[in-house]
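Chemist: Have a look at this one before I ask anything.
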Amino acid sequence: MKQIKWNDNWKFWADKDAFALVWNIPENARDVTLPHDAMIEQAAYAGSPNQGNTGFRDGGNYTYVKHLDLSQAELGEKYILKFEGVYCHALVYVNEQLAGSEANGYTTFYVDVTPYLRVGDNEIRVQVKNAGMTNSRWYSGSGIYRDVYLLTAGTVYVEPDSVQVTTEKADENYAVLTVKSTVVNETPKAGNFALYTDIKRDGKSEGTEKTAFFLRSGQRKTLTQRIVVKKPALWSEDTPALYTCESCLREGETVLDAACDTFGIRTLTLDAVHGLQVNGKTVKLRGACIHHDSGIIGAATYEDTHLRQVRLLKDAGFNAIRMSHHPAAPALLRACDKLGMYVMDEFSDMWSRSKNDLDYAMDFEKWWETDVALMVKKDYNHPSVVLYSVGNEIPEIGTDAGSEICANINNLIKKLDSTRYTTAGINGVFAAGDQMDRILADLSRDMQASGEIEGNVNDFMTVMDTKMDQIVVHEAISERLEKACAALDVAGYNYMAARYEPDTERYPNRVMVGSETYPPDIARNWALVEKLPSVIGDFTWTGWDYIGEAGVGVPAYAFGEGGFGAQFPCQLAYCGDLDLTGFRRPLSYYREIVFGLRKTPYIAVQDPAHYGQALIKTPWVMSDAKAAWDCAGFEGKPIVVEVYAPGDEAELFVNGTSLGRKPLERCKAVFETVYQPGTVQAIAYQDGKASKPFALCTPGTERKLDIKTDYKGEELVYLSVDVEDENGVIVTNCDQLLTAQVKGGTLLGFGSGDPKPLLNYNEGKSRTWNGRAQLIVKKTDNQPVEIAIRSESGKSAQISV
């Protein structure tokens, strides 16, 4: 079918009253261009009923309206609307008639609007229901936040997104492909037709096939073709080669319809001896869990946003993404295909038991089969997708009924796609359910016997930081896991790395993955991943910071500053290796070193203002360190320096004076010294051989603004604004309030990685955070974009893109 992006010229307004006697467009309706996130437009506030879950932001009920004008001749065609994501509970009306709906806010769905159309003007109205509903554990966004497409064809056509290309087998000499295409005849008569399929790479034909067939009136038929491709370019993280499958439906010499689908040629195998293999080579997944938001522009989903995100994650050492905890946007999958990033796509965060008052558990029983099928349909031709997760931390997964649900979802996925593997992100503690009392009683007995405590352990939270390894290997959890994992290809362990070695012995055929892990544990975890063939990877929580779950990764020194008790204005989780803007935090470099991908040391400096104080931290926090030797006011005061490096030892120098060498334990050494402005430098040693040095320098006395183009895409431009000294060193302790002016484009967002922002991202103002801020600008008709920035101290900077 012909497909055009249908994002322009929508009217939008917030609904205050769901009951409307008159089906009209109110005077306060405004023009919007999709994708559009209505939630990010409203400022966060302390009284939000969603509290920190969504970053103290509210959803709402909204209406979008667009018109489609048709002639009498055009009315005879087929019209389908494709929505890549609407959050949430979307109702699609055509000329006041309900044409389709979708409960899940992350599902790509289709609405056949043909029966409701008429000659002349047609109103397409989309109602979105997300008001007063605590339905998400993270920032969801609201509205039509992904692209919309209008699909058109004649009455004999190839069903949209029905072409599925499967690699039967492939090596460097040839590949055998199976192509399945579904064709439909909605004319009043039968006919003879032919489907021509052409496999191309870089515009060059690599294999063709023609299939002649007969189709009755009203019939829907799936055709299967087998095509050989010689000397195929195999898709992998290192060689993300892509092909197109061009389909042409003909009746005689008349072209009735056409389709073009992008895919990759690659094979997958999985077992406990070789692990996960792509094209016959074992792959260990260096994984990042991510949420779906696009940083300071909220949930609005752009191709450029994901291309930039995937590139930065890959540059930081990741080769895999876990989409948490819902189906991924098609734009994200296209970016992963293009750049070479493996994907675990996830179905849902809940099944029959709620985690919020009005979440997907309310819709699960009615919608799960539809939504699973739509997820698989969306993913099928994306070579980046290697795993389907049936759910995240499902509390009922180890029960009798829950294990049956797990098997049902798994079986439906396998029926629709037998080429990929299934898993689930299983949290053993959640899955333990009513067995936690038994676990805590046994733990109390063991701790009393060892003299660690007197009395009983009655509160799980009192031991979770220090005794999680003992808890997750308890026999009660093993019993639940046996049921939970029975239907799955891969046992996904959330925070259960302590089970890897014993489960390798106990269940020799079980393949495992660290589906969610604590960032500071990467050195221990990765050693196990490399040691055990049956453990195929590690996915940290998280690779990229996100809005919502406010404070879970914020280091604190007083209650309410961070952690689980974080209070407003904390709005971000702040547990990403990369912050909300894509700037790499120290733990990202630590991880890269652990992965063996960085040979140069890295330095992070703890905040001297809190020297000697007890850090209140969750398991997602390593320390409060940042990569800056910029501590004015603390001259001569004690300070802690963290050095991350490969090798045996690390040596630290302050202004050329050595503080000696320290052994590296799990790629880390900690030094104490006193702060002196100048230069701090680290060198690592492996078997006595020195590495290249890494240094941080104190900024000079001058202050200026510098604005740079960080990423320039087809639609969006990302710009960084830094407070620098005369030598270009970023000044991290002199944050400034900035004001932006944009000509020739639209300012979509202006903000920083600050987990506690006091300004909304759409105000045109932002305070720098550790000397940095970010602008995201949407280009207008290829005009030059002029950006001017001014600080509260009178400094300014300009750039033309």
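The values are calculated or read from the model by the stated rules, or taken from the named source; none is laboratory data. The structure displayed is predicted, hence computed values, not measured ones. So basically every Cβ, Gly included, is an ideal-geometry build from the backbone, and we count neighbours across all protein chains shown. The protein model used for the area step is the full one, side chains on, heavy atoms only, and it has no ligands, DNA or RNA in it. Shrake-Rupley method; radii C 1.70, N 1.55, O 1.52, S 1.80 Å.
Chemist: What helices (runs of 4 or more DSSP H) lie completely within the stretch 462-575 and have 3 or more residues being out of contact with any Asp or Glu (no Cβ under 7 Å at 6 or more places or on another chain), at pLDDT 95 or above and more than 30 Å from residue 754 (Cα to Cα)?
Modeler: Details: elements: 464-472, 475-484, 500-506, 522-531.
In the stretch 462-575, 475-484, 500-506, 522-531 are the helices (runs of 4 or more DSSP H) which contain 3 or more residues that are out of contact with any Asp or Glu (no Cβ under 7 Å at 6 or more places or on another chain), at pLDDT 95 or above and more than 30 Å from residue 754 (Cα to Cα).
Chemist: Go through 582, 633 for me and flag whichever is open to solvent by 30 Å² or more (accessible area, probe 1.4 Å) and in a loop (DSSP other than H, G, I, E, B). Before you say what the answer is, go through the steps one by one.
Modeler: Details: 582 fails: open to solvent by 30 Å² or more (accessible area, probe 1.4 Å).
Criteria check complete, one pass: 633.
Chemist: Now for a separate question. Hey, does the stretch 354-370 have a residue that's open to solvent by less than 10 Å² (accessible area, probe 1.4 Å), farther than 17 Å from residue 146 by Cβ and β-branched (Val, Ile, Thr)?
Modeler: No: zero hits.
Chemist: Looking at (1) open to solvent by 10 Å² or more (accessible area, probe 1.4 Å); (2) free of Cβ contacts under 8 Å to residues at least 60 places away in the same chain, which is the only condition residue 427 fails?
Modeler: The one condition residue 427 does not meet is (2).
Chemist: Also, quick follow-up: For the stretch 510-559, give me each residue that is of a type in the set (Ser, Thr, Tyr), farther than 20 Å from residue 426 by Cα and open to solvent by 20 Å² or more (accessible area, probe 1.4 Å). Write out each step before concluding.
Modeler: Keep residues of the stretch 510-559 that are of a type in the set (Ser, Thr, Tyr), which gives 515, 517-518, 534, 540, 542, 546, 557.
Still in the list and also farther than 20 Å from residue 426 by Cα: 546, 557.
Answer for the stretch 510-559, where residues must be of a type in the set (Ser, Thr, Tyr), farther than 20 Å from residue 426 by Cα and open to solvent by 20 Å² or more (accessible area, probe 1.4 Å): just 557.
Chemist: Which residue out of 261, 257, 271 is of a type in the set (Asp, Glu) and surrounded by 22 or more Cβ atoms within 10 Å (Cβ to Cβ)?
Modeler: 257
Chemist: Find the strands (runs of 3 or more DSSP E) located wholly in the stretch 87-127 whose residues include 3 or more that are closer than 16 Å to residue 142 by Cα, and list them.
Modeler: Values: elements: 90-94, 97-102, 109-112.
It comes to 90-94.
Chemist: A follow-up question, please. When you check residue 149 against the structure, is it in contact (Cβ under 8 Å) with a residue 40 or more places away in the chain, closer than 30 Å to residue 39 by Cβ and in contact with a Ser or Thr (Cβ under 7 Å, 6 or more places away or on another chain), yes or no?
Modeler: On the way: in contact (Cβ under 8 Å) with a residue 40 or more places away in the chain: yes; closer than 30 Å to residue 39 by Cβ: yes; in contact with a Ser or Thr (Cβ under 7 Å, 6 or more places away or on another chain): no.
Here the answer is no, as residue 149 does not meet what is asked.
Chemist: Right, something else. Just to be sure I understand, how many residues within the stretch 191-206 are of a type in the set (Gly, Ala, Ser) and touching a Leu at 6+ places or on another chain (Cβ under 8 Å)? Steps first, please.
Modeler: Let us first name the residues in the stretch 191-206 that are of a type in the set (Gly, Ala, Ser), namely 191, 194, 203, 205.
If we keep only those that are touching a Leu at 6+ places or on another chain (Cβ under 8 Å) too, we end up with 191, 194.
Number of matching residues: 2.
Chemist: Okay, next question. Return yes or no: is residue 322 open to solvent by 10 Å² or more (accessible area, probe 1.4 Å) and either out of contact with any Asp or Glu (no Cβ under 6 Å at 6 or more places or on another chain) or without any contact (Cβ under 8 Å) to a residue 12 or more places away in the chain (or both)?
Modeler: Values: open to solvent by 10 Å² or more (accessible area, probe 1.4 Å): no; either out of contact with any Asp or Glu (no Cβ under 6 Å at 6 or more places or on another chain) or without any contact (Cβ under 8 Å) to a residue 12 or more places away in the chain (or both): yes.
No; evaluated as a whole, the condition is false for this residue.
Chemist: Right, something else. Out of the stretch 227-260, which residues are touching a Leu at 6+ places or on another chain (Cβ under 7 Å) and not hydrophobic (A, V, I, L, M, F, W, C)?
Modeler: Residues satisfying the conditions are 240, 247, 250, 257.
Chemist: Under 8 Å between Cβ atoms, at least 6 apart or on separate chains: pull out the pairs that start in the stretch 125-145 with a residue that is under 15 Å from residue 15 (Cα atoms) and end on any residue that is among the polar types (S, T, N, Q) and open to solvent by 30 Å² or more (accessible area, probe 1.4 Å).
Modeler: Cβ pairs passing all conditions: 127/61; 128/61; 129/61; 130/61; 131/61.
Chemist: Condition test on residue 11, is it of a type in the set (D, E, K, R), farther than 30 Å from residue 261 by Cβ and not in a loop (DSSP other than H, G, I, E, B)? Walk me through how you get there before you give the answer.
Modeler: Numbers: of a type in the set (D, E, K, R): yes; farther than 30 Å from residue 261 by Cβ: yes; not in a loop (DSSP other than H, G, I, E, B): yes.
So residue 11 passes the test.
Chemist: Same structure, new question: Looking only at the stretch 161-174, decide whether some residue is under 30 Å from residue 545 (Cα atoms), in a strand (DSSP E or B) and not aliphatic (A, V, I, L, M). Please lay out each step first, then the result.
Modeler: As a first pass, look at the stretch 161-174 and keep what is under 30 Å from residue 545 (Cα atoms): none.
No, there is no match, as no residue in the stretch 161-174 is under 30 Å from residue 545 (Cα atoms), in a strand (DSSP E or B) and not aliphatic (A, V, I, L, M).
Chemist: Given (1) within 30 Å of residue 624 (Cβ to Cβ); (2) at pLDDT 95 or above, where does residue 778 come up short, assuming only one miss?
Modeler: (1)
Chemist: Anything in the stretch 352-403 that is in a loop (DSSP other than H, G, I, E, B) and either of a type in the set (Val, Ile, Thr) or in contact with a strand residue (DSSP E or B) (Cβ under 6 Å, 6 or more places away or on another chain) (or both)? List them, or say none. So that I can check it myself, show each step before the final result.
Modeler: Pass one, the stretch 352-403, residues in a loop (DSSP other than H, G, I, E, B): 352-359, 363, 380-384, 393-399.
380, 381, 384, 393, 394, 397, 399, listed by residue number.
Chemist: Follow-up question, since we're still on this one. Please determine, by comparing only the residues of the stretch 14-31 that are hydrophobic (A, V, I, L, M, F, W, C) and in a loop (DSSP other than H, G, I, E, B), which one is least open to solvent (accessible area, probe 1.4 Å). Working first, answer last.
Modeler: First pass over the stretch 14-31, keeping only residues hydrophobic (A, V, I, L, M, F, W, C): 14, 18-23, 25, 29.
Of the ones still in play, those that are also in a loop (DSSP other than H, G, I, E, B) are 18-23, 25, 29.
Working: 18: 80, 19: 148, 20: 58, 21: 151, 22: 96, 23: 77, 25: 66, 29: 19 Å².
My answer is 29.
Chemist: Would you say residue 334 is over 20 Å from residue 84 (Cα atoms), more than 12 Å from the chain's Cα centre (by Cα) and open to solvent by 10 Å² or more (accessible area, probe 1.4 Å)? Break it down into steps so the answer makes sense when it comes.
Modeler: Details: over 20 Å from residue 84 (Cα atoms): no; more than 12 Å from the chain's Cα centre (by Cα): yes; open to solvent by 10 Å² or more (accessible area, probe 1.4 Å): yes.
It is false that residue 334 is over 20 Å from residue 84 (Cα atoms), more than 12 Å from the chain's Cα centre (by Cα) and open to solvent by 10 Å² or more (accessible area, probe 1.4 Å).
Chemist: Quick check on the stretch 741-752. Is at least one of its residues over 23 Å from the mean Cα position of the chain (by Cα) and closer than 21 Å to residue 629 by Cβ? Explain how you work it out, then say what you get.
Modeler: The initial filter retains those residues of the stretch 741-752 that are over 23 Å from the mean Cα position of the chain (by Cα), namely 741-747.
So of that shortlist, the ones also closer than 21 Å to residue 629 by Cβ come out as none.
Within the stretch 741-752, not a single residue is over 23 Å from the mean Cα position of the chain (by Cα) and closer than 21 Å to residue 629 by Cβ.
Chemist: Looking for whichever is of a type outside the set (Val, Ile, Thr), surrounded by 13 or more Cβ atoms within 10 Å (Cβ to Cβ) and closer than 20 Å to residue 382 by Cα here; the options are 209, 237. Which one fits? If you could, list the steps in order and put the result at the bottom.
Modeler: Details: 209 fails: closer than 20 Å to residue 382 by Cα.
None of the others qualify; the one that does is 237.
Chemist: Go through the stretch 766-788 and report how many residues are open to solvent by 10 Å² or more (accessible area, probe 1.4 Å) and in contact with an Asp or Glu (Cβ under 7 Å, 6 or more places away or on another chain).
Modeler: Residues flagged as open to solvent by 10 Å² or more (accessible area, probe 1.4 Å) and in contact with an Asp or Glu (Cβ under 7 Å, 6 or more places away or on another chain) within the stretch 766-788 amount to 5.
Chemist: Report, by residue number, each residue of the stretch 3-13 that is without any contact (Cβ under 8 Å) to a residue 60 or more places away in the chain and open to solvent by 80 Å² or more (accessible area, probe 1.4 Å). Even if it seems obvious, please write down each step before you answer.
Modeler: Here is the first cut: in the stretch 3-13, the residues without any contact (Cβ under 8 Å) to a residue 60 or more places away in the chain are 8-9, 11, 13.
8, 9, listed by residue number.
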